[in-house]
Amino acid sequence: MSVARFWRKQQNRYNLIGNQCTVCGKYFYPPRGFCPVCRRDGKIVEHQFKGTGKVVTFSIIRSSSGNFKLLTPYVLAIIELDEGSRLTTHLVCDIDKVYIGMPVKRVFRKLGEEGSSGAIFYGTKFVPA
Amino acid sequence: MREVAVIGVGCTKFGEKWESSFRNLFVEAGALALEDANLSGEKIDEIFVGNMSAGRFVEQEHIGALIADYAGLATDNIPATRVEAACASGGLSFRQAYTAVASGMSDIVVAAGVEKMTDVGTEVTTDVLAAAADREWEGIAGITFPGLYAMIATDYMHRYGLTREQLAQVAVKNHDNGAKNPNAQFRKAITLDTVINSTLVADPLRLFDCSPVTDGAAAVILAPLERAREFTDTPIKVLGSGQASSTIALHDRKDISTLDATVAAGNRAFKMAGIERKDIGFVEVHDCFTIAEICAIEDLGFCKKGEAGRLTEEGQTAIGGKIPVNPSGGLKACGHPVGATGIKQVYETVKQLRGDAKGRQVDTDIGMTHNVGGTGATVVCHIFGRK
Ligand SMILES: CC(C)(COP(=O)(O)OP(=O)(O)OC[C@H]1O[C@@H](n2cnc3c(N)ncnc32)[C@H](O)[C@@H]1OP(=O)(O)O)[C@@H](O)C(=O)NCCC(=O)NCCS
Ligand SMILES: [Zn+2]
């Protein structure tokens, strides 16, 4: 992912900042600038997520590409945050330990790098709570 | 709206085709379809071609024009349009062609699909396919397509108690059917043990739960029903067409194990056709992974949620069963050249309804296709009938 493209969402990725629609009350992470429920009647504000949640579903990735190739086998999971929105993440834990409903919390980690000598990207991953 | 029929079909053999280039694949499928319809090229009003990612697989964009040119149709300046919706590009290309004929805008229209995937290595292929998901919020988390469908499988197995054997039976049945399909990439019957002991790709999915990486092309020709008999004795009528969108990211679905776009597209196609589930003789579904076939059977309404595993285990989805699924061998055995798959499904359906599916024939008047883009962000369904 290009540096500019990553930079644009850096605050969201570093600090787990998403959105809330103050009209319907729904939380959005990944962030959305437009409420899919209220559409033009919605009012979107920034929201700092607590960063705790639980595993909804998961897989152990054995074959991957790019930045993730060296991490195989790794746990890929969908997390439901306490506020109710869901995201996909690399869950940093023993591949035998993950289960549906497992409590997790966010951590600040390296996400990858651009090419072999390029910029390093940081952001949020999850670990068992 | 006018009634529309398919008057000719063509399909290349699917597989790892080192000897064929992107453009050769398309030209081969197009020529077969024209020959089948007894049609010469200059009679074509318009071409649609489904293609997911020639830009990354063969570093070629502007596919519409390329194809018109190499099919010898640029000399007549015949318009050609590329259609893209990831793995549903082919189904969507068919729907665009259908709309063009039904509206009266065009008479003789080609709907094609093509993908050349093996000019790059598996690692690049994995990354190109990952672009069918949300690059910024799924891609960055390390998803792969097998991984996304594996998360559906984990959720589904946990909630409905689907067994490893039931899931494997999807692949066994599709390899059985593919063994009887001369165009299939894998023409070999396999056992439950083959699937269960194959390499893990993304738990719980193993190598034989996955569709492979494939080169191939398919083309079909549509015409107004009232003109169809000028070209063929066995026109196959389009009875219903449905398309639907859902969230690009799997994590935003209300229910991880239900492709709500399949439910919507299926319902729309059935409503338009004015028929019931029990009227369908067979269905070609998008089994990019074994779990995808399980979900498709249910989400299209052929059984209740949680029952497709048992249906499969009992042989009800095999040819001769209550609702034969993927008589062609599906994506699993035929292979999955992503942009071509949706058109190959139409090809198979037409062959079946004409009674030309030797060795894997289902005896029926009505068949259905179901083509999925990504994890279900786009779904296209069509229902066909022998008049
Ligand atoms: C599963 C997958 C990763 C395997 O790729 P791979 O490890 O590079 O496999 P290779 O091409 O090296 O093939 C190794 C062997 O397995 C076989 N093979 C490959 N894929 C296969 C499959 N899906 N089913 C059965 N056999 C398969 C090959 O024929 C080859 O056999 P051989 O050694 O006898 O020649 C790859 O097929 C894949 O990514 N599939 C999913 C495609 C996808 O996501 N499509 C989009 C869906 S929405
Ligand atoms: Zn709202």
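General observations
- Selection status of B:N197, more than 14 Å from every other protein chain (Cβ to nearest Cβ), more than 16 Å from ligand 2 (Cβ to nearest atom) and either at pLDDT below 95 or farther than 30 Å from B:N51 by Cβ (or both): yes
- Of all residues in the stretch B:182-240, those satisfying the criterion of being charged (D, E, K, R) and touching a Lys or Arg at 6+ places or on another chain (Cβ under 7 Å) are B:D215, B:K237.
- Qualifying positions in the stretch A:13-27 - crowded, with 19+ Cβ neighbours inside 10 Å and more than 9 Å from ligand 2 (Cβ to nearest atom): A:R13, A:L16, A:G18, A:N19
- Just one of the listed residues (B:A54, B:A71) is in contact (Cβ under 8 Å) with a residue 12 or more places away in the chain and closer than 27 Å to B:P224 by Cβ, namely B:A71.
- Hits in the stretch B:80-99 - residues which are open to solvent by 10 Å² or more (accessible area, probe 1.4 Å), closer than 25 Å to B:A377 by Cβ and away from ligand 1 (no atom under 16 Å from the Cβ): B:T81, B:R82, B:V83, B:R95, B:Q96, B:Y98, B:T99
- Of all residues in the stretch B:115-140 being open to solvent by less than 10 Å² (accessible area, probe 1.4 Å), of a type in the set (D, E, K, R) and within 17 Å of B:V58 (Cα to Cα), the one that is nearest to ligand 1 (Cβ to nearest atom): B:E115
- Set side by side, the residues B:L222, B:L162 differ, and just one is more than 24 Å from the chain's Cα centre (by Cα) and not in a helix (DSSP H, G or I), which is B:L162.
- Residue satisfying condition, being under 21 Å from B:R268 (Cβ atoms), touching a residue at least 24 places away in the same chain (Cβ under 8 Å) and touching a Cys at 6+ places or on another chain (Cβ under 7 Å), within set B:V379, B:V346, B:V372, B:V338: B:V372
- Qualifying residue in the stretch A:42-62 (condition: at positive phi, surrounded by 15 or more Cβ atoms within 10 Å (Cβ to Cβ), more than 14 Å from every other protein chain (Cβ to nearest Cβ) and away from ligand 1 (no atom under 16 Å from the Cβ)): yes
- Inter-residue pairs, beta-carbon under 8 Å, first of a type in the set (K, R) and in the stretch B:29-44, second open to solvent by less than 20 Å² (accessible area, probe 1.4 Å), 6+ apart: B:K43/B:I108
- Scan of the stretch B:126-143 for residues that are part of a helix (DSSP H, G or I) and β-branched (V, I, T), ordered by number: B:T126, B:V128, B:I140
The values are calculated or read from the model by the stated rules, or taken from the named source; none is laboratory data. Predicted model only: the values in this text are computed from it and were never measured. Glycine also receives a Cβ, built like all others from the backbone with ideal geometry; neighbour counts cover every protein chain displayed. SASA here: full protein model, heavy atoms, side chains in, ligands and nucleic acids out. Shrake-Rupley method; radii C 1.70, N 1.55, O 1.52, S 1.80 Å.
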